[in-house]
1. Glu89 - would you say it is surrounded by 15 or more Cβ atoms within 10 Å (Cβ to Cβ) and among the charged types (D, E, K, R)?
2. Cβ contacts < 9 Å: first residue closer than 19 Å to Asp34 by Cβ, restricted to segment 114-136; second residue surrounded by fewer than 10 Cβ atoms within 10 Å (Cβ to Cβ) and not basic (Lys, Arg), any location; separation 6+ or different chain. Result?
3. Hey, does segment 11-34 have a residue that's part of a loop (DSSP other than H, G, I, E, B), modelled with pLDDT of 90 or more and over 16 Å from Ile129 (Cα atoms)?
4. Being over 20 Å from Tyr96 (Cβ atoms) and touching a strand residue (DSSP E or B) at 6+ places or on another chain (Cβ under 6 Å) is the filter here, so list the residues in segment 22-40 that pass it.
5. Out of curiosity, is Glu76 over 22 Å from Glu137 (Cα atoms), within 16 Å of the chain's Cα centre (by Cα) and of a type in the set (D, E, K, R)?
6. Of the residues Leu110, Leu98, Leu134, Leu146, which single one is at pLDDT 95 or above, within 30 Å of Thr20 (Cα to Cα) and within 18 Å of the chain's Cα centre (by Cα)?
7. Going through Cys32, Cys85, Cys93, Cys28 one at a time, which residue ends up being more than 25 Å from Arg145 (Cα to Cα), in contact with a Lys or Arg (Cβ under 7 Å, 6 or more places away or on another chain) and not charged (D, E, K, R)?
8. Which one is nearest to Ala49 (Cα to Cα), of the residues in segment 76-91 that are in contact with a helix residue (DSSP H, G or I) (Cβ under 9 Å, 6 or more places away or on another chain) and not hydrophobic (A, V, I, L, M, F, W, C)?
Amino acid sequence: MVVKQSIVVLRLKVNFNYPTVRFHCTKCGICCGDTKEKNRHVLLLRTEAEQISETTLQPISQFVVKIKDRAPYSYEMKKRENGKCVFLEKERCTIYSLRPLICRFYPFELKVLHNQKYTFLYTEECLGINKGRLLSEDYFRRMFRLARAKFRLSAGSKRES
């Protein structure tokens, strides 16, 4: 008797809202530090801090401070005296390929609403808003997948520790 196996791939339907907005990064660096209007808090997942530490050969305590009650985040990036990120030099990120999820998302933020519904918000302080191309649903879907993957990885790392 021959048994045929069917593999059914279920596509996870994610319910999220996203803005109709144009965006192009102007590389101004405003997102990398405090402004007169806003005190920035760059939060990091445990896995992000570990990866930055391994790559830069710096102890984690050199560039972040431990935080509590901000799950799933474990750390906050330190700043220089001028309020800018410790990894910002000449208006450029020295850990760009390793930058934390929050940095990758800027000027957007993913908010959990209820019943597994999400919404993307953005800040108009960013000079790149309303410049460049109109962002598609696919752009926000990729960002959502990135966040989900990083949160899963971080949760797995905590269980292994």
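The values are calculated or read from the model by the stated rules, or taken from the named source; none is laboratory data. Computed from a predicted model, the values in this text were never measured in an experiment. No Cβ is skipped: glycine too gets one built from the backbone with ideal geometry, and neighbour counts run over all protein chains shown.
1. Values: surrounded by 15 or more Cβ atoms within 10 Å (Cβ to Cβ): no; among the charged types (D, E, K, R): yes.
Against the criterion (surrounded by 15 or more Cβ atoms within 10 Å (Cβ to Cβ) and among the charged types (D, E, K, R)), Glu89 does not qualify.
2. Glu125/Glu37
3. Yes, segment 11-34 has at least one match.
4. Arg22
5. Yes.
6. Numbers: Leu110 fails: at pLDDT 95 or above; Leu134 fails: within 18 Å of the chain's Cα centre (by Cα); Leu146 fails: at pLDDT 95 or above.
Going through Leu110, Leu98, Leu134, Leu146 in turn, just one is at pLDDT 95 or above, within 30 Å of Thr20 (Cα to Cα) and within 18 Å of the chain's Cα centre (by Cα): Leu98.
7. From the options Cys32, Cys85, Cys93, Cys28, the qualifying one is Cys85.
8. Keep residues of segment 76-91 that are in contact with a helix residue (DSSP H, G or I) (Cβ under 9 Å, 6 or more places away or on another chain), which gives 77-78, 84-88, 91.
Now narrow it down to the ones that are not hydrophobic (A, V, I, L, M, F, W, C): 78, 84, 91.
On the way: Lys78: 12, Lys84: 18, Glu91: 21 Å.
Here the answer is Lys78.
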